[in-house]
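Quick notes on the structure that follows.
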Amino acid sequence: MSTNESVQNIQEQIVALLPRLRRFARNLVRNPHDADDVVQIAVERALLRLDQWRSDARLDSWLFKIVRNAWIDEVRARGRRARIFMPEEAGEQIGESSMEREIDRWSAETALGRLPEDQRLAVSLVLVEGLSYKDAAEVLDVPLGTLTSRLARGREALQAVLRLPEGESA
Amino acid sequence: MTISDETLMAYADGELDAATRASIDAAMLQDPDIAKRVARHRALRKAMQGAFSGVLEEPVPERLIAAARGQNTAPKGAVVELTLAREAVRRKTSLRSGWQPAAMAASLALGVGLGFLAWQGRSGLIQQGSDGGLVARAALAEVLSTELSDDRSPALVATTHLSFRAKSGEYCRTFSLTGTDASSGLACREGNDWKIMALAESPRAATNSGDFRTAASADSPAIRAAVEASIDGEPLDHAGEIAARQAGWAAAKR
């Protein structure tokens, strides 16, 4: 069991991670206020479970996992995914030609937001949050191979819509 | 030489072991196409690093900082009491495993006990039991034993919201007290008592007496956290509640 000082220490580490937890939550929940709600629930839950955190594990991955689980529980509990949570299929289908016209306006965020959820989370954890494949797989509770294939598919989709400075030719 | 795109991706992400990395290094020198594919992966990586970076610059809402420090000051509901947890901290008795996280919560929550005095005078609905913990009494105990969740009648002293079986086997229910001070709690059946495991109080929010669920709902983060910490599986559905009530909410044999 942690002493008071080490609990306080971890709390401050969590405070320092809040900006990243909020960023990750924005990948789960479109509405910023709802995203913060998910972060708040997760942080409260994390404090209740500090004894479950192994100090050899990265605190950020552990928290990302709790954020993700809090989000899943919220979705289930509230049953209002369609209203507040990022609709996976809601984005209009972009045809090839209009896509080419619009392509410059596509930000990384928009493109990311249109990925199917499993790919979006894999990309977000590895490319945005900088987690290793192993840590990201652990956050998402999937085998490493599943993580890498989601990541590969997500990247492929992003590369198809983003105009990147290098490697533009197919 | 053909190299799978997944391997090149892992190369760009720094996930390969030294030997494989060296072989890709060599392949890139020989084959401009491979070099180009790696460059695409790197460019994407760089582009995505900036996604949502605006969030990082925003000031973090105070409520999140307070939550991270275990200060439940959020308007949604403040923890005023976590009986079992407090007991555990005080007596250092061995807890049933399912409740351990709650003990942590109590040691973290600021202001534990602040609202406790307010409870003492409350029309006898919640009283100190023989072992020092809080127990539901009188009409509150009756509601917990007899009412099904969300059977709302303003005439009752409380509304129950959620029933579930705890990891320790006993039945637990969340409730909110009818009235103006919008208090909610979690009670678990032990023997013939409903022991109060957690109470939360929301300030002032439900002064419009007509809608006594507004702030008093079992949705209080503190109560929800207490439920989270102890629930075994899913909450009871309507039929499950009826069956549990019929069995007198007796704990399951494990």
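Quick check on this structure: which one of B:156, B:148, B:140, B:114 is farther than 16 Å from residue B:195 by Cα and either exposed (fewer than 13 other Cβ atoms within 10 Å of the Cβ) or at pLDDT 80 or above (or both)?
Unique residue meeting the criteria: B:148.
Check whether at least one residue in region A:110-125 is in a helix (DSSP H, G or I), within 11 Å of another protein chain (Cβ to nearest Cβ), at pLDDT below 90 and more than 27 Å from residue A:62 (Cβ to Cβ), and report yes or no.
yes
Got at least one residue in region B:49-62 being out of contact with any Ser or Thr (no Cβ under 9 Å at 6 or more places or on another chain), crowded, with 17+ Cβ neighbours inside 10 Å, closer than 21 Å to residue A:152 by Cα and free of Cβ contacts under 8 Å to residues at least 40 places away in the same chain?
no
Can you tell which of B:224, B:245 is within 13 Å of residue B:186 (Cα to Cα), among the basic types (Lys, Arg) and modelled with pLDDT of 70 or more?
Going through B:224, B:245 in turn, just one is within 13 Å of residue B:186 (Cα to Cα), among the basic types (Lys, Arg) and modelled with pLDDT of 70 or more: B:224.
Could you grab me the full set of residues in region B:50-75 that are in a loop (DSSP other than H, G, I, E, B), under 28 Å from residue A:109 (Cα atoms), within 7 Å of chain A (Cβ to nearest Cβ) and modelled with pLDDT of 80 or more?
Of everything in region B:50-75, those that are in a loop (DSSP other than H, G, I, E, B), under 28 Å from residue A:109 (Cα atoms), within 7 Å of chain A (Cβ to nearest Cβ) and modelled with pLDDT of 80 or more turn out to be B:60, B:61.
Go through region A:23-44 and give me each residue that's at the interface with another protein chain (Cβ under 8 Å from one of its Cβ atoms), more than 12 Å from the chain's Cα centre (by Cα) and charged (D, E, K, R).
Result: A:36, A:44.
Which residues, taken from region A:31-69, are assigned to a helix (DSSP H, G or I) and of a type in the set (Asp, Glu)?
Within region A:31-69, A:34, A:36, A:37, A:44, A:51, A:60 qualify.
Considering only region A:138-156, state which residues are assigned to a helix (DSSP H, G or I), free of Cβ contacts under 8 Å to residues at least 24 places away in the same chain and over 16 Å from residue B:16 (Cβ atoms).
Correct list: A:146, A:149, A:156.
I'm trying to understand the selection: among the residues of region B:1-39, which are of a type in the set (S, T, N, Q), closer than 24 Å to residue A:144 by Cα and assigned to a helix (DSSP H, G or I)?
B:7, B:20, B:23
The values are calculated or read from the model by the stated rules, or taken from the named source; none is laboratory data. Remember, it's a predicted structure, so these values are computed and weren't measured experimentally. Cβ: placed from backbone, ideal geometry, glycine included. Neighbour counts: every protein chain shown.
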